[in-house]
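Remarks on the structure that follows.
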Amino acid sequence: MESSDAQDRVTHRPVMLPEALAWLEIRQDHWYVDANLGGGGHTRAILERGGRVLAIDRDAKAVERFLEESANRYAGRIRVIRGNNAEIARHVHESGITVSGILFDLGWSTLQGEESERGLSFSEEGPLDMRLDDTTPETAGDLLERLPEGDLADLFSEGDEPLAVPIARALVQARKAGRLPRTTVDLAAFVSGVYYRKGFRRSKRHPATRVFMALRIRVNREYENLEESLSGSRQILAENGGRLLVLTFHSGEDRIVKRTFRQWVMEGTAAFLFRKSLSPGEEEVRENPRSRSARLRGVSFGGP
Ligand SMILES: C[S@@+](CC[C@H](N)C(=O)[O-])C[C@H]1O[C@@H](n2cnc3c(N)ncnc32)[C@H](O)[C@@H]1O
C-alpha cells in the first residue's frame, strides 16, 4: 500500500494523454520534443513507449524535480533543458538530434499552482508574482504598480475580461490612494468588489479568473513565446517531416494555434492531422476538472 505521504502528494495529471500519444505516433528510438515538461507526465509516457525525449521547461524546479525523480531510469534516452520553448529551434539544433514529433502542453502545472509563493492561484495566499521562470524581470505586482490605466485595461481585455475598463480604473484609484492589492487573495477580493459594485452578484467561475490569467500571460510573455515556438517547430519539422501537437487551455492561445496551422495548410507547408480541435472525454473531465478547457490541435509535415 502507498504511504499516506505518497497519497497526499500533489501531482500533475497529464491532459489528453492517450490522444496526444496516438497522434504523435511514437516510434521506437525516435526523438520527440516535450516543449512543456512540467510534472513530466507526457515525457514519461513517451519514454515508456520506446521513444526518446528532449524535454524543455523554463521552470528550474520542474527540471530539477524530473532529474531527481526520473532521469536515471531513462538514461541515454532523455535530455532535459531548462529554457524557453520559444527557442526550440536552437535547443534542437544544439542537441544535434532529428526530431519526429513535438508536443506543447501550454500554461502552468498543478504543481506550480500549489506553490503559493508563485502567486498563480487566488485560492492560495501569496505575493503577486506569477513568474514561471524566476529570471523574468517583472512580476504581476510590478505591472500593477507601473502600467497606466489604459494599458492595464488593454492587458485585461487581452484575457477577455468584460470589466477590463472599470477594473483598471479602480486599480489606478487604489494605487493613487496607496491601497493597491499586494497579495493574490487581496487582488481576488478587489476584483470581486468591482463585479459586485457593477451589479454582477453571481457567476459560475470566480470573477478574478480572467484578471489572473491576463496578468500571468503578460508577465510570462505567453502569446509572444507561443508565436515564436510555433515558428521554431515548423523550422525543425519542415526539414525531415514529423508531427506537431498543441494542447491549449483558453481561447487566446487556441486562436493563435488555429490561425497559424490554417496558414501553414493554405501555404502547403503542413497538413491537418484532424480538422477540428479535439476535447477531452467526459470521463477525463470528471476525473480531472482542470482538463475541461483543453483543446488539442495537430498538423503533420511531410519532410523531403
Ligand atoms: C501544463 S504544464 C505541462 C505539464 C506536463 N505536460 C505534464 O504532463 O506533467 C506547462 C509547463 O510548461 C512550462 N512552460 C510554460 N511556458 C514555457 C515556455 N515558454 N518555455 C518552456 N516551458 C514553459 C511551465 O513552467 C509548466 O511547467
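Quick note: the coordinates plus some simple rules give every number you see, no bench work behind them. Worth saying up front: this structure is predicted, and the values here are computed from it rather than measured. Cβ atoms come from the backbone with ideal geometry, glycine included; neighbour counts cover every protein chain shown.
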Handout entry: Under-5 Å amide H pairs with Arg79, H placed in peptide plane, nonlocal only
Key = Val53, Leu54, Ala55
Problem - For the chain, with +1 on Lys and Arg beta carbons and -1 on Asp and Glu, the positive-most of Ser231, Thr260, Val194 along the dipole - result: Val194
Fill in the blank from the handout: Output for segment 221-252: trypsin sites (Lys or Arg not before Pro) sitting in coil per DSSP, at most 15 other Cβ within 10 Å, listed by number, reads Arg221
Practice task
Quote the charge dipole size of segment 1-138 about the Cα centre in Debye, to the nearest 20; the model charges only the Cβ of Lys and Arg (+1) and of Asp and Glu (-1).
Solution key: 760 debye
Exercise for the section: Looking at the chain, send over the antiparallel percent of its DSSP beta bridges, to the nearest 5. Expected result: 40 percent
Fill in the blank from the handout: Whole-Å distance linking the alpha carbon centroid of segment 45-109 with that of segment 245-295 is 21 Å
Practice task
Would you work out the relative contact order for the chain, in percent, from Cα pairs under 8 angstrom that are 6 or more residues apart?
Solution key: 19 percent
Completion exercise
Candidates Asp254, Asp129, Asp29; GNM for the chain (alpha-carbon contacts under 10 Å) flags as most fluctuating Asp29
Fill in the blank from the handout: Connecting every pair of Cα atoms under 10 Å apart in the chain and solving the GNM, the largest mean-square fluctuation among Pro207, Pro14, Pro148 falls on Pro148
Exercise for the section: Determine the dipole magnitude for segment 174-249: charges of +1 sit on the beta-carbon of Lys and Arg, -1 on that of Asp and Glu, nothing else is charged, the reference point is the Cα centre, and the result goes in debye to the nearest 20. Expected result: 860 debye
Exercise for the section: Would you work out which of Gly159, Leu244, Phe212 lies farthest towards the positive end of the dipole of the chain, given +1 charges on the beta-carbon of Lys and Arg and -1 on that of Asp and Glu, about the Cα centre? Expected result: Gly159
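Among the lysines in the chain, how many pairs, 8 or more places apart or on different chains, have alpha carbons under 30 Å apart?
Details: Lys176/Lys198; Lys204/Lys258; Lys204/Lys276; Lys258/Lys276.
Here the count comes out as 4.
Calculate the dipole size of segment 112-219 relative to its Cα centre from +1 charges on Lys and Arg beta carbons and -1 charges on Asp and Glu beta carbons; express the result in debye to the nearest 20.
So the dipole magnitude of segment 112-219 works out to roughly 820 debye.
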Exercise for the section: Work from the charge dipole of the chain (Cβ charges, +1 for Lys and Arg, -1 for Asp and Glu, about the Cα centre) and give the residue of Ser203, Gly302, Asn36 farthest towards its positive end. Expected result: Ser203
Completion exercise
Taking Lys and Arg as +1 and Asp and Glu as -1, residues besides Leu21 with C-beta under 15 Å from its C-beta add up to 0
